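The values are calculated or read from the model by the stated rules, or taken from the named source; none is laboratory data. Quick caveat, the model's predicted, so the values are computed rather than measured. Here the Cβ positions follow ideal geometry from the backbone for every residue, glycine too, while neighbour counts run over all protein chains shown.
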Amino acid sequence: MTDLPNSNKTSTNRRAFVKSGLTAAAVTTLGAGLLARGPSALALGDREERHGKLTRGDAAILRFLAAAEILETDLWQQYNELCGIQDAEVPGGSGSPIFTAALSVLDADMAQYVHDNTEDELTHEVFINAFLASRGADTVNLDKFRTLPSSQATGAQQIGRLTNLMQLTIDTSWWTRYRSTNKNPDFGDSFDQAVPSLNVGQHPAIPRTDDDLTPNDHIQAIANTAGFHFCTIEQGGTSLYPSLAQRVSDVEVLRIVLSIGPTEAMHFQTWHDKAGNAPALTDPKDPTLVFPNLNVPPFGGEEFQTNLIMPEATVFLSKKLPACSIIRPTATKGVAMGVVKGLTAMGLFIGQTPDFFAYMRDLAEDADEARRDR
């Protein structure tokens, strides 16, 4: 992971960007319908009276998770506009039939899965912010930072974005990490890349303009990149929630973290299965980008086998204990800052302002300083 861009922490007052209500974008998008399906404000208020205020640490953890979910919603919305189902349930564009068809090579139901993943992240951000407000805690609003450009391809909305999907450097070492039977990143172990060339350079995961829609192997390379990026994002969330759960004090906050976290694991395994269907090819517009056949040499074997999508048993807690099938990593030290650094190294924030990086650093530091009351 790389360091965050230089920023003066004191140059940004985090409270200036933390609001007392739900994010404006989420409220506009979801309206009363989604909120009505969840706990009522009155019911949440009643629980607040019974349980009291959140600890500083629990509030900080939830605020960081809310920010992470807002960022996820932003990137998934961009995917959904171009290759998902266009309906009133999530923010949509008008779709890109050629990009959608290329993504469907990985699985015929990809458009539905993209839509549902987008909706899930949207409900997560809205619920966490609503819960924070119900306990009298500050909530998170990133609307000030929606300044990045949209794809210019037909089908994308022309609105400000938080994330950049057009210059990605994607770490695919999660592929071999989840197949290893004797290594665990919590022990400091490192892992081979499934697609080494994705981890070098900057690659689009959505068409930047309609020029990216041809030739066929080029738009397929973009779709393959998206397929691996889906996994990279969701395996991060899969680890983030159990890592931060270990620092939670309030039982209700713990219930939230333990209830949302497994949905991220469901997302990850879905995308993990689909990424294995990415066709082997070389991008004709960028010959440095090569998607290998992971089932044949120089790859091949259990470390790369495409249908091994369930976590192999590996070392956990102590190398003296038996191997166990687990989520990895789940070490809690510095996990929030690690997420921010990882997303930054990915290129997801290329073009963002120094204030954005200072704000995210502040949120991460607060979450990492949380300590569980014993």
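Restrict the check to region 274-296 and report whether at least one residue is in contact (Cβ under 8 Å) with a residue 40 or more places away in the chain, aliphatic (A, V, I, L, M), in a helix (DSSP H, G or I) and in contact with a Pro (Cβ under 9 Å, 6 or more places away or on another chain).
Let us first name the residues in region 274-296 that are in contact (Cβ under 8 Å) with a residue 40 or more places away in the chain, namely 274-275, 277-279, 281-286, 288-292, 294.
If we keep only those that are aliphatic (A, V, I, L, M) as well, we get 275, 278, 281, 289-290, 294.
Now narrow it down to the ones that are in a helix (DSSP H, G or I): 275.
Narrowing the set further to residues that are in contact with a Pro (Cβ under 9 Å, 6 or more places away or on another chain) leaves none.
No.
Pick from region 238-276 the residues that are closer than 21 Å to residue 173 by Cα, touching a helix residue (DSSP H, G or I) at 6+ places or on another chain (Cβ under 7 Å) and of a type in the set (Ser, Thr, Tyr): which of them is surrounded by the fewest Cβ atoms within 10 Å (Cβ to Cβ)?
270
Could you check, for region 360-369, whether at least one of its residues is more than 24 Å from residue 249 (Cβ to Cβ) and not hydrophobic (A, V, I, L, M, F, W, C)?
Looking only at region 360-369, we keep the residues that are more than 24 Å from residue 249 (Cβ to Cβ), and these are none.
No, the conditions are met nowhere in region 360-369.
Which members of region 335-361 meet the condition of being touching a Gly at 6+ places or on another chain (Cβ under 8 Å) and surrounded by fewer than 19 Cβ atoms within 10 Å (Cβ to Cβ)?
Within region 335-361, 342 is the sole residue that qualifies.
Any residue that is of a type in the set (Phe, Trp, Tyr) and in contact with a Ser or Thr (Cβ under 6 Å, 6 or more places away or on another chain) - is there at least one of those in region 158-179?
Looking for residues that are of a type in the set (Phe, Trp, Tyr) and in contact with a Ser or Thr (Cβ under 6 Å, 6 or more places away or on another chain), one finds none in region 158-179, hence no.
What's the number of the condition residue 174 fails, among (1) under 19 Å from residue 340 (Cβ atoms); (2) surrounded by fewer than 22 Cβ atoms within 10 Å (Cβ to Cβ)?
So residue 174 meets the others, but not (2).
Kindly indicate whether residue 217 is part of a helix (DSSP H, G or I), surrounded by fewer than 23 Cβ atoms within 10 Å (Cβ to Cβ), of a type in the set (Asp, Glu) and touching a strand residue (DSSP E or B) at 6+ places or on another chain (Cβ under 6 Å).
On the way: part of a helix (DSSP H, G or I): yes; surrounded by fewer than 23 Cβ atoms within 10 Å (Cβ to Cβ): yes; of a type in the set (Asp, Glu): yes; touching a strand residue (DSSP E or B) at 6+ places or on another chain (Cβ under 6 Å): yes.
Here the answer is yes, as residue 217 does meet what is asked.
What number of residues within region 216-258 satisfy the criterion of being more than 21 Å from residue 329 (Cβ to Cβ) and of a type in the set (Ser, Thr, Tyr)?
2
Would you please name the residue that is nearest to residue 75 (Cα to Cα), looking only at residues in region 189-206 that are β-branched (Val, Ile, Thr) and in contact with a helix residue (DSSP H, G or I) (Cβ under 9 Å, 6 or more places away or on another chain)?
In the first step, residues of region 189-206 are kept if they are β-branched (Val, Ile, Thr); the result is 195, 200, 206.
Next, only the ones that are in contact with a helix residue (DSSP H, G or I) (Cβ under 9 Å, 6 or more places away or on another chain) stay: 195, 206.
Values: 195: 21, 206: 10 Å.
Residue satisfying both the conditions and the ranking: 206.
I'd like to know if region 204-213 contains one or more residues that are in contact with an Asp or Glu (Cβ under 6 Å, 6 or more places away or on another chain), buried (at least 21 other Cβ atoms within 10 Å of the Cβ) and either modelled with pLDDT under 95 or farther than 24 Å from residue 311 by Cβ (or both).
Looking for residues that are in contact with an Asp or Glu (Cβ under 6 Å, 6 or more places away or on another chain), buried (at least 21 other Cβ atoms within 10 Å of the Cβ) and either modelled with pLDDT under 95 or farther than 24 Å from residue 311 by Cβ (or both), one finds none in region 204-213, hence no.
From (1) in contact with a helix residue (DSSP H, G or I) (Cβ under 8 Å, 6 or more places away or on another chain); (2) over 19 Å from residue 192 (Cα atoms); (3) of a type outside the set (Phe, Trp, Tyr); (4) crowded, with 19+ Cβ neighbours inside 10 Å, pick out the condition that doesn't hold for residue 315.
Condition not satisfied by residue 315: (2).
Could you tell me which numbered condition residue 132 fails, if it satisfies all but one of (1) buried (at least 19 other Cβ atoms within 10 Å of the Cβ); (2) within 15 Å of residue 227 (Cα to Cα); (3) not basic (Lys, Arg)?
Residue 132 satisfies all of (1) buried (at least 19 other Cβ atoms within 10 Å of the Cβ); (2) within 15 Å of residue 227 (Cα to Cα); (3) not basic (Lys, Arg) except (2).
With the structure loaded, tell me whether residue 151 is touching a residue at least 40 places away in the same chain (Cβ under 8 Å), under 17 Å from residue 79 (Cβ atoms) and assigned to a loop (DSSP other than H, G, I, E, B) or whether it fails that test.
yes
Pick out the one residue from 185, 207 that is out of contact with any His (no Cβ under 8 Å at 6 or more places or on another chain) and farther than 28 Å from residue 370 by Cα.
Working: 185 fails: farther than 28 Å from residue 370 by Cα.
After applying the criteria, what remains is 207.
Any residue at all in region 186-196 that's surrounded by fewer than 16 Cβ atoms within 10 Å (Cβ to Cβ), charged (D, E, K, R) and closer than 30 Å to residue 333 by Cα?
yes
Take region 297-320 and flag every residue that is of a type in the set (Ser, Thr, Tyr), part of a strand (DSSP E or B) and closer than 22 Å to residue 265 by Cβ.
Here is the first cut: in region 297-320, the ones of a type in the set (Ser, Thr, Tyr) are 306, 314, 318.
Keeping just the survivors that are part of a strand (DSSP E or B) gives 314, 318.
Residue satisfying the conditions is 314 alone.
Only residues in region 119-142 that are without any contact (Cβ under 8 Å) to a residue 24 or more places away in the chain count as the first member; pair them with residues that are part of a helix (DSSP H, G or I) and surrounded by fewer than 24 Cβ atoms within 10 Å (Cβ to Cβ), Cβ under 8 angstrom, at least 6 apart or cross-chain, and list the lot.
As it stands, the answer is none, since no pair meets every condition given.
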